[in-house]
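One structure is given here, and the rest of the page talks about it.
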Amino acid sequence: MSQPVVSIVMGSISDQDIMNEAVSVLKAFDVPFELRVISAHRTPVAAHEYATTARQRGLQIIIGAAGKAAHLAGVIAASTTLPVFGVPMPTSDLGGLDSLLSMVQMPGGIPVPTFAIGKAGAKNAALSAIAVLALHDERLSAKLIEYRRRMAAEVEEQDKRLQQQGAGT
Ligand code: RP5
């Protein structure tokens, strides 16, 4: 197995269903990754240890997923200079707005680039990690271009079918 270059860290196993979106994208692009459950508040020592050793273990980008007082990505970002992307989890009480604001409102100095709440955010965080890695990886860059080309072709196909069905008046 190759050395992971991307890490997905979740605050709870209850985040896994959503973060599987990121897992699927990284797998599709053959990017080696690790998937961990580490909590900023339930396992604070482990979170600090993880962040401080991430770079020396070969990781290049960390995706932090958490909900509610979603401080995991910020806590990790505080202890590493690797890029840390935040994915806010949906929540039952406040719909994930709590998670989003907890991440996106980081005080100046320790950035947490933050994505959409839920599955779209998980997918886009993985795609953004790939875009960063692709800056120095021609193979990955070509795959990203092909991914966009296929996505555009699908939309064109959808429109074509709609027009064939006689949509509109
Ligand atoms: C956060 O609290 C986790 O990231 C999760 O989104 C949320 C709820 O966690 P559980 O109570 O389901 O473990 O730490």
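All of the numbers you see were taken from the coordinates with simple rules; none came from a lab. Since the model is a prediction, treat every value here as computed from it, not as a measurement. Virtual Cβ from ideal backbone geometry, glycine too; neighbours counted across all protein chains shown.
In segment 61-109, Cα pairs under 8 Å separated by at least six residues give a relative contact order of 40 percent.
Work out the length of the dipole vector of the chain about its Cα centre, built from +1 on the beta-carbon of each Lys and Arg and -1 on the beta-carbon of each Asp and Glu, and round it to the nearest 20 debye. Mind showing how you got there, number by number?
Numbers: 15 positive and 15 negative charges, 34 e Å.
So the magnitude is around 160 debye.
For residue 37, the residues whose modelled amide H falls within less than 5 Å of its own, excluding neighbours fewer than 5 places apart on the same chain, are 10. With 5 Å bins beginning at zero, the pair-distance distribution over Cα atoms of the chain amounts to 2, 9, 17, 20, 18, 12, 9, 6, 4, 2, 1, 1, 0 %. Residue order for 41, 136, 48, fewest other beta carbons within 10 angstrom first, comes to 136, 41, 48. Distance between the C-alpha centres of segment 147-169 and segment 1-71: 36 Å, rounded to the whole angstrom.
Among 67, 32, 56, pick out the residue whose Cα is farthest towards the positive end of the charge dipole of segment 1-92, where Lys and Arg carry +1 and Asp and Glu carry -1 on C-beta, about the Cα centre. With unit charges placed on the Cβ atoms, the residue in question is 56. Applying both filters, DSSP loop and at most 13 other Cβ atoms within 10 Å, to the trypsin sites (Lys or Arg not before Pro) of segment 106-169 eliminates every site.
For residue 68, a cut-off of 27 angstrom between C-alpha atoms picks up these lysines, skipping any fewer than 8 places away in its own chain: 119, 123.
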